[in-house]
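These notes are about the structure you will find just below.
The values are calculated or read from the model by the stated rules, or taken from the named source; none is laboratory data. Here the structure is a predicted model, which means the values were calculated and not measured. Every residue, glycine as well, gets a Cβ built from its backbone with ideal geometry; the counts of neighbours run over all protein chains shown. The protein model used for the area step is the full one, side chains on, heavy atoms only, and it has no ligands, DNA or RNA in it. Shrake-Rupley method; radii C 1.70, N 1.55, O 1.52, S 1.80 Å.
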Amino acid sequence: MNLDTVTDFKELEETVKTCSRCALRQGCRGVVFGEGNPSARIVFCGEGPGGDEDRLGRPFVGKAGQLLDKMLAACGFERFKHVYILNTIKCRPPGNRTPTEQERAACRPNLDAQLRLIRPAIMVLLGACALQEIVNSAGRITRDRGRWVQKNGVHIMPTYHPAALLRNPALKRDAWEDLKQVVARYRSLVDQDHYSPYC
Ligand code: URA
């Protein structure tokens, strides 16, 4: 199956699950494709699967994922209804190390195919890895977070990765400011009646 021409999201998932574009697949349990609503207008993009994600085959299901779910809930977003959640790379690097540029490049066609089919209006980039992959290879999250970037018509908001918020809770205040901007943009681009409990 050609990633550039596949039109069915389920078929894309089946194809990506057989990926062998880099060596990571040999050292992990399986491909973590992503999950949520493929018709969602907003995508959250993390770095790559960790141990819990590798074990369960689902993105953001460990401690950082639990925090992400709380962040989504505060925005009025449900994982399987309003959003799609994916990562820059689909296979867990050994020891959870940061993926190399080569690994990210190898996996990029998988990510591009997902985004081509989802066609999000808004993307939230969680952490430096997603920022560097999607927006600017020299991006720095502390400098670039909280400011919208537009690329190919997609409104992109870089913010802190939930794992960074767990390590340093003082960053949560800024992350919440970023998410409030995301909800406001979601209301203006996607659903003016979107309900969120806190903003
Ligand atoms: N961290 C990520 O970047 N992605 C996941 O899926 C889980 C943790």
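Of all the residues that make up the stretch 122-153, how many are of a type outside the set (Phe, Trp, Tyr) and over 14 Å from the mean Cα position of the chain (by Cα)?
As a first pass, look at the stretch 122-153 and keep what is of a type outside the set (Phe, Trp, Tyr): 122-147, 149-153.
Still in the list and also over 14 Å from the mean Cα position of the chain (by Cα): 136-147, 149-153.
Summing the residues that are of a type outside the set (Phe, Trp, Tyr) and over 14 Å from the mean Cα position of the chain (by Cα) in the stretch 122-153 gives 17.
When restricted to residues that are more than 20 Å from Leu12 (Cα to Cα) and open to solvent by 30 Å² or more (accessible area, probe 1.4 Å), the stretch 67-80 contains 4. Note down all Cβ pairs under 9 Å where the first residue falls in the stretch 106-127 and is within 14 Å of Asn87 (Cβ to Cβ) and charged (D, E, K, R), the second is open to solvent by less than 30 Å² (accessible area, probe 1.4 Å) and away from the ligand (no atom under 14 Å from the Cβ), and they're at least six residues apart or on different chains. Matching pairs, first to second residue: Asp112/Leu3. Of all residues in the stretch 30-55, those that are more than 7 Å from the ligand (Cβ to nearest atom) have Cβ atoms under 8 Å from Cβ atoms of residues that are at pLDDT below 95, 6 or more apart or on another chain, in Gly51/Asn96.
When the stretch 157-171 is limited to residues that are of a type outside the set (S, T, N, Q) and away from the ligand (no atom under 14 Å from the Cβ), the one that is nearest to Ala184 (Cα to Cα) turns out to be Met157. List the number of the failed condition for Ala64; all other conditions in (1) within 11 Å of the ligand (Cβ to nearest atom); (2) more than 27 Å from Lys10 (Cα to Cα); (3) open to solvent by less than 50 Å² (accessible area, probe 1.4 Å) hold. For Ala64, the exception is condition (2). Consider the stretch 96-147 and keep the residues that are more than 21 Å from Lys17 (Cβ to Cβ) and of a type in the set (Lys, Arg). The one that is nearest to the ligand (Cβ to nearest atom) is Arg97.
Pick from Glu78, Glu14: which is in a loop (DSSP other than H, G, I, E, B) and more than 15 Å from the ligand (Cβ to nearest atom)? Outline the logic, then answer.
Numbers: Glu14 fails: in a loop (DSSP other than H, G, I, E, B).
Testing whether each residue is in a loop (DSSP other than H, G, I, E, B) and more than 15 Å from the ligand (Cβ to nearest atom) leaves just Glu78.
Quick check on the stretch 28-52: of everything there that is of a type in the set (Asp, Glu) and touching a strand residue (DSSP E or B) at 6+ places or on another chain (Cβ under 8 Å), which residue is most open to solvent (accessible area, probe 1.4 Å)?
The first filter runs over the stretch 28-52 and keeps only residues of a type in the set (Asp, Glu), leaving 35, 47, 52.
Right, trim to touching a strand residue (DSSP E or B) at 6+ places or on another chain (Cβ under 8 Å) and you get 35, 47.
Details: Glu35: 23, Glu47: 53 Å².
Filtering first and then ranking leaves Glu47.
Residues that are aliphatic (A, V, I, L, M) and either buried (at least 18 other Cβ atoms within 10 Å of the Cβ) or touching a residue at least 60 places away in the same chain (Cβ under 8 Å) (or both) within the stretch 1-22 comprise Leu3, Val6, Leu12, Val16, listed in sequence order.
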